[in-house]
Amino acid sequence: MIFDNLKIFSQNVCKNAFIINTILETYSHFDVILLQEPPWSIIHTISNSTYCEEEALVGSPNHPNWLSFARLPINQSDCPRVMAYVNIRLSSFCFSLRKDIINHKDILLISFFSNNICLFVMNIYFNSSHSALKYLKDTEVNINNLLIMTGDFNIRD
């Protein structure tokens, strides 16, 4: 099974695109990269035919050898603080962002299939107000086959 040998790297990148690009270029021996505090910036402006105004296309660094997973921001103040990259060589395992189960800017849940079993990987960013922790406590989501839950745990106790 894949999860016996799954190599996962996790790091807070402090909104630094250079760090992400370096990780994506040099950490190709990893299968999954989980990042906290990725940078979100305007990539391009797009014309809006309805309002005759331009809208900003916001994104984070991409790389041809990695599939990126992140919740799309609703606006600039809603940018996700977690992101995942999956090595392209694992694309046959059908990795998927699972907003249908958890839809929070500080929690990322991705699933994949191995031997007809749905497995999960969770990436969490805990801010000073502990919104992710409160969300997990309040929703009481039961996720079977959670392989790893990791991230930037800024909780002091």
Tally up the residues in segment 71-91 that are in contact (Cβ under 8 Å) with a residue 24 or more places away in the chain, surrounded by fewer than 16 Cβ atoms within 10 Å (Cβ to Cβ) and in a loop (DSSP other than H, G, I, E, B), please. 1
Would you confirm, using the coordinates I've provided, whether SER68 is in a loop (DSSP other than H, G, I, E, B), surrounded by 13 or more Cβ atoms within 10 Å (Cβ to Cβ) and either among the small types (Gly, Ala, Ser) or modelled with pLDDT of 95 or more (or both)? no
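Conditions (1) among the basic types (Lys, Arg); (2) surrounded by fewer than 20 Cβ atoms within 10 Å (Cβ to Cβ), marked per residue:
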site: PHE93; (1), (2): no, yes
site: LYS99; (1), (2): yes, yes
site: ASN103; (1), (2): no, yes
site: ASN115; (1), (2): no, yes
site: MET122; (1), (2): no, no
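One line per residue, one yes/no per condition, for (1) modelled with pLDDT of 95 or more; (2) acidic (Asp, Glu):
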| position | (1), (2) |
| --- | --- |
| ALA17 | no, no |
| GLU25 | yes, yes |
| VAL32 | yes, no |
| SER49 | no, no |
| ILE88 | yes, no |
Mind counting the residues in segment 92-118 that are within 16 Å of the chain's Cα centre (by Cα) and at negative phi? 18
Residue check: is ILE110 among the β-branched types (Val, Ile, Thr) and more than 24 Å from ILE19 (Cα to Cα)? no
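The values are calculated or read from the model by the stated rules, or taken from the named source; none is laboratory data. Keep in mind that what you see is a predicted model, and the values were worked out from it rather than measured. All Cβ positions, even for glycine, are placed from backbone atoms using ideal geometry, and neighbour counts span all protein chains on display.
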